[in-house]
1. Within segment 130-139, track down each residue that is of a type outside the set (Gly, Ala, Ser) and open to solvent by less than 40 Å² (accessible area, probe 1.4 Å).
2. Are any of the residues in segment 72-82 farther than 21 Å from residue 19 by Cα and not acidic (Asp, Glu)?
3. Quick one: how many residues across segment 147-182 are at pLDDT below 95 and of a type in the set (Ser, Thr, Tyr)?
4. Tell me whether segment 228-235 contains one or more residues that are crowded, with 19+ Cβ neighbours inside 10 Å, at negative phi and modelled with pLDDT of 95 or more.
5. Select from segment 1-30 the residues that are among the β-branched types (Val, Ile, Thr) and open to solvent by 20 Å² or more (accessible area, probe 1.4 Å) and list them in ascending order.
6. In this structure, does residue 187 turn out to be open to solvent by 50 Å² or more (accessible area, probe 1.4 Å), farther than 21 Å from residue 10 by Cβ and among the acidic types (Asp, Glu)?
7. In segment 20-51, which residues are of a type in the set (A, V, I, L, M), over 19 Å from residue 175 (Cβ atoms) and either in a loop (DSSP other than H, G, I, E, B) or within 16 Å of the chain's Cα centre (by Cα) (or both)?
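The values are calculated or read from the model by the stated rules, or taken from the named source; none is laboratory data. What you are looking at is a predicted structure, and each value in this text was computed from that prediction instead of being measured. Note that we place each Cβ from the backbone using ideal geometry, even for glycine, and neighbour counts take in every protein chain shown. To get the accessible areas, we keep the full protein, side chains included, count just its heavy atoms, and leave off ligands, DNA and RNA. Shrake-Rupley method; radii C 1.70, N 1.55, O 1.52, S 1.80 Å.
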Amino acid sequence: MHQLYTQLCLNKANGIKQLAILLDPEKINWEAWESTVHAIKHSPANLILVGGSSHSLLAVDQLVNALKKAIDLPVLLFPGHASQLSAQADAILYLSLLSGRNPDYLIQQQVDAVPALMQLNLEVISTGYLLIESGHVTSVERISQTQPISRTNLQLALHTAKAGEYLGAKLIYLEAGSGAQLPVPVDMIQAVSKAIAVPLIVGGGLRSLQEIQAAFDAGADIVVIGTAFENNSQFFESC
């Protein structure tokens, strides 16, 4: 049941960087599905994350099923709500929003998901989720009703990430937020990467291959690209 996480740790130990494409079930253009599949297959992506603003189990399940039929890549659930589950996914990032103090996203959503998770054959990967200030209010900030960590407060980001690791998080995720104006600062990625032993994910606000590479160079083990690919499925060809 820990096959995917074991591989993520092996990749980190061997210095193998991974790229993930994040897809929002509510924003999929099904009329252009074949071109989306083609773009993913011809991209450098190693992983696919599925999640977003929708609370619709049907929308999540539909997208996961379509991905599993069309693409031979691991599909991980990236839920914004306890209802965003699918039995067909390979794993779920079991997120706790450590940067905020809203108990609903620290623990309540996780508790609400347990009855379904106990019935599903999903690999559950505990993930410490940190929202970082990105230049404007993101959907994550609005929905969670929490304040992001200031992009200049490296110490708070480092201590929060380390607290997550001490609490047992198997991954740490630094997130600027969907459609962020600014990505997570490189010096913050460096500081957190040096402080933790578990794999580090970085996402939000990345709009070029240069920014993706900068995140990798700073210490990110997995970089997530969402909005840029969502707005342009030829993102990797056009950069």
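1. Once the filter is applied, which keeps residues that are of a type outside the set (Gly, Ala, Ser) and open to solvent by less than 40 Å² (accessible area, probe 1.4 Å), segment 130-139 yields 130, 131, 132, 138.
2. Yes, there is a match, as at least one residue in segment 72-82 is farther than 21 Å from residue 19 by Cα and not acidic (Asp, Glu).
3. Final tally of qualifying residues: 1.
4. The answer is no, given that none of the residues of segment 228-235 is crowded, with 19+ Cβ neighbours inside 10 Å, at negative phi and modelled with pLDDT of 95 or more.
5. Those that are among the β-branched types (Val, Ile, Thr) and open to solvent by 20 Å² or more (accessible area, probe 1.4 Å): 6, 16, 28.
6. yes
7. Passing the criteria: only 28.
A quick yes/no check of all residues on (1) closer than 23 Å to residue 227 by Cβ; (2) modelled with pLDDT of 95 or more; (3) open to solvent by less than 30 Å² (accessible area, probe 1.4 Å); (4) part of a strand (DSSP E or B):
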| position | (1), (2), (3), (4) |
| --- | --- |
| 53 | yes, no, no, no |
| 58 | no, no, no, no |
| 94 | no, yes, no, yes |
| 112 | no, yes, no, no |
| 128 | yes, yes, yes, yes |
